[in-house]
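Reviewing the structure listed below.
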Amino acid sequence: AIYQFWCDLQATLPAETLQVAVQEQTTRPSLPPHLDADIVEQLPKGYGVYLFFAENRLPIYVGKSNTLRQRVLSHFSSDHAIAKEMSISQQVRD
């Protein structure tokens, strides 16, 4: 069924459109399972300081950025490629 769906997409959409869609989906950050997605949505796009807290409410990471929301999300988009990011991602609760 998935293969047939993919073939139908290729027949109806330009290759560039499919490539962009696949790229967006594969680079989209996956939020840690214990992190409320609404918190991330509320982050400002401008500059600021952020803290990641573990289950025990102790900070596990402090960072700063000129593009706060983008930087926080970047931690989770690279969590499978970088061991430190994976560790943070597994521990973060807030």
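The values are calculated or read from the model by the stated rules, or taken from the named source; none is laboratory data. Computed from a prediction, not measured in an experiment: that's the story for all the values here. Quick reminder, even Gly has a Cβ in these numbers, built from the backbone with ideal geometry, and neighbours come from all protein chains shown. Side chains included, ligands, DNA and RNA excluded: accessible areas come from the protein's heavy atoms. Shrake-Rupley method; radii C 1.70, N 1.55, O 1.52, S 1.80 Å.
Annotations for the structure displayed:
- Averaged per residue, the chain has 74 square angstrom of accessible surface, using a 1.4 angstrom probe with ligands and nucleic acids left out.
- Per-residue ³J(HN,Hα) for the range 56-61, Karplus 6.51 cos²θ - 1.76 cosθ + 1.60, θ = phi - 60°, Hz, x for Gly and Pro: 7, 6, 8, x, 10, 7
- Amide hydrogen neighbours beyond the local backbone of Phe53, cut-off 5 Å, H modeled: Ile60, Arg93, Asp94
- Cα gyration tensor, the range 54-94 - rounded (a/c under 1.5), prolate or oblate: oblate
- Here the accessible area is traced with a 1.4 Å probe on the protein chains. For the chain, carbon and sulfur cover 57 percent of it.
- When the chain is reduced to its Cα atoms, the Kirkwood hydrodynamic radius in Å: 15.2 Å
- Average projection, convex hull of the Cα set of the range 1-50: 5.9 square nanometres.
- Calculated [θ] (222 nm, deg cm²/dmol) that DSSP helices of n ≥ 4 give over the chain, each run adding -39,500 (n - 2.57): -15000 deg cm²/dmol
- Glu16 versus Leu58: modelled label distance in nm, points set 7 Å from Cα along the beta carbon direction: 5.3 nm
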